[in-house]
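Please treat every number below as a calculation from the coordinates, not as lab data. Here the structure is a predicted model, which is why all the values come from computation and not from measurement. Cβ coordinates were reconstructed from backbone atoms using ideal geometry, including for glycine residues, and neighbour counts include every protein chain displayed.
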Amino acid sequence: MRDTIYALSSGHPPAGVAVIRISGPGVRFGLETLTGSVPVARHAALADMKDGAGQLLDQGLALYFPEPHSFTGEDVGELQIHGSRASVMAVLAALSSLPGFRPAEAGEFTRRAFENGRMDLTAVEGLADLIRAETEHQRRQALGQAGGRLKQLYEGWARRLTYGRAMIEAEIDFSDEEDIPGSVADRIWPDLEALAGEIAAHLKGARAGEIVRNGFRVALVGAPNAGKSSLLNALADRDVAIVSDIPGTTRDVIEVRLDVGGHLVLLMDTAGIHDSDNPVELEGIRRTMTTAETADLVLELRSLEGAGGAVDAVLAPNRILVGTKSDLVEGSLPDLPASGLLVSSKTGDGLDDLLAVISSRISEMDVARNDPLPTRDRHVLLLEECRMDLMAAVLGTGDPLEIRSERLRMAATALGRITGSVDVEELLGVIFSEFCVGK
Ligand code: GDP
């Protein structure tokens, strides 16, 4: 018999309402003990909640979701009570005294949902992302994935592979019989080749899926005092980085999370690049280089003040030159950067244009695609594996059918690992550790 688990599923008290969720075989007993009865399934019931000694703990709503049509697939109970620390503690204490009840571990409700076949692994990952979503596009992508968009896609592909294998097996079994017209197996290859193409097209969206999920990385680089920290602060609209006119203040990489047009943008302020023999500064400069190399976009800042303000240069496609401190150059501007971007962190001039450029760079990554995208490295690696096995089967025209069938089986196994229908035991710990207690 499984333990009955319980946890505070809503945010930290104090709050208007707290939701305590219970799952497992003891739910009916728990509801009856605390509230005096088991509510009608999926109907909220107003209830006095009492401890074992009959003392009133709180008044609130009780809900009952009988198995298997519940989030976890088990009996689930929900208590909606006042969201104070004391109310929550009192009700949790009452639950802890019930036999077979224990506090849930992080992600344990979702784990039970997975184990009971209510969700596949991609949906679990989507749910984890949804709980963390900060931007509109993250929300949409995660909601689609939590709702089974990737699952449907991958399971549909797995079914086509299984069908192909079934045809091959049939041909192997009945190859002696004369009334089989032509080769049954031959008819499956065009579809399987098309499938390999669909997987390849889906993989092309991986970068976009990752950008939506993890953010578009923008690095600010430039000489000390170019105005990097000031620009970061101006864009973040709050003081997050240390701004000072002593060169070399920003020794580490400071990251700010921005919502630009519904997309998460990770804006990174870096140490100014200059000659130095101070080991701390050198480490900062080394980190700047790494940040710039892995960024999706590098904004190279040059102060327009003094030194003629010459800021033109030929840069790599993901680098944009930005002239800073435009408020200091009155009237006639010196040489404009090729990008035409001039900003003043002091007056806010040019900041909207800069954000528009960032936004259009994000759009160029094809992030607005409507088809479900792979969102994690895990998906990409297994999809590659699947496609390679599939292509080996399709192209192996000289191989025995048994070998080609085996390759299709391996391709289907790779898909099964993504959705969690085949051996993923070692993965579960990693995936469920992303959840908080109560989910
Ligand atoms: P960083 O070393 O590149 O991070 O440069 P900071 O952001 O620390 O700025 C260096 C100096 O330039 C500071 O004294 C800022 O106040 C000043 N500064 C930065 N941006 C502007 C701006 O847009 N206008 C003016 N007038 N001064 C600025």
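The table for this structure:
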quantity	calculated
Kirkwood-based Rg to Rh ratio, the stretch 1-87, C-alpha trace	0.95
Dipole in debye (nearest 20) - the chain, about Cα centre, beta carbon charges: Lys, Arg +1; Asp, Glu -1	1240
Net dipole in debye of the stretch 1-99 [+1 Lys, Arg Cβ; -1 Asp, Glu Cβ; about Cα centre; nearest 20]	140
The stretch 185-224 - Rg over Rh from alpha carbon coordinates, Kirkwood radius	1.44
Gyration tensor verdict on the stretch 1-42 (Cα atoms; rounded if a/c is under 1.5, prolate if a/b is larger than b/c, oblate otherwise)	oblate
Label zone at Glu115, where the point sits 7 Å out along the Cα-to-Cβ direction: the stretch 80-103 residues whose backbone N lies under 19 Å	99-103
Global geometry of the stretch 18-173, whether rounded, prolate or oblate, following the gyration tensor of its Cα atoms and the 1.5 cut on a/c	prolate
Ordering of 33-44, 260-271, 294-305 by packing [mean C-beta count within 10 Å, highest first]	260-271, 294-305, 33-44
Theoretical gain in end-to-end length, Asp277 to Glu402 [0.36 nm per residue, Cα-Cα removed]	38.5 nm
Where Cα atoms sit under 30 Å apart: lysine pairs in the chain separated by 8 or more or lying on different chains	6
The chain: antiparallel DSSP beta bridges as a percent of all, rounded to 5	60
Counting all C-alpha pairs of the chain, share separated by more than 34 Å (%)	55
J(HN,Hα) series, the stretch 414-422, from Karplus relation 6.51 cos²θ - 1.76 cosθ + 1.60, nearest Hz, glycine and proline x	4, 5, x, 5, 5, 7, x, 7, 10
Selected from Ala113, Leu161, Val19, residue furthest toward positive end of dipole (the chain; charges at beta carbon)	Val19
Karplus 3J(HN,Hα) series, Hz, for the stretch 149-158 with 6.51 cos²θ - 1.76 cosθ + 1.60 (x for Gly, Pro)	5, 5, 4, 4, 4, 5, 5, x, 5, 4
